[in-house]
Amino acid sequence: MRTDREKADDAEIPGPYKELAIAVRAMLGYYSDDKPLLSARQAALQSGVNHATIASLVRGGRASRATLKQLAKTFDVDCAQLMRVAGYALDPSSPDNSHAEPLSQRVPDGLPERIYHKIERLNERDLRKLDQMLELWIDDGREIGI
């Protein structure tokens, strides 16, 4: 009969957040015989993060910066590394490198607030694509074709 740890280790991780899922699984003890294997509910009790969010991360879901910071703090892992594997850019001037680069430095001013919130949730690859699209529409600070 297989142990819970063996079953957890065999679970497939689809999608672009595989590296993040592996990091979260490691925090929960999936790959360590020295640490107890925590369920999403047990981890939620320790961290204050919703158990459904943790379960989603284990399966390869996305996470907000706030969720990642809380998990990093609770499980004593490198927040900068967790942010990187989640696809968030880091602010190099931050003393502990745990804060994502401010959105105002990454996108042009004048966008509606709701757009900022949507852009803020994009991973690094999608932000690069968005930047390339904006390059097509903006030349020397002036909009083209409008």
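The values are calculated or read from the model by the stated rules, or taken from the named source; none is laboratory data. Predicted model, so just to flag it, every value in this text is computed and none were measured. We place every Cβ from the backbone using ideal geometry, glycine too, and count neighbours over all the protein chains shown.
List of remarks:
- Cβ pairs under 8 Å, 6+ apart, first in the range 56-68 and surrounded by 19 or more Cβ atoms within 10 Å (Cβ to Cβ), second charged (D, E, K, R): Val58/Arg25; Gly60/Lys18
- The range 32-48 residues that are in the same structural domain as Thr74 (by TED's automatic domain parsing) and assigned to a loop (DSSP other than H, G, I, E, B), paired with ones that are of a type in the set (Ser, Thr, Tyr) and surrounded by fewer than 18 Cβ atoms within 10 Å (Cβ to Cβ) (beta carbon under 8 Å, 6 or more apart): Gly48/Thr74
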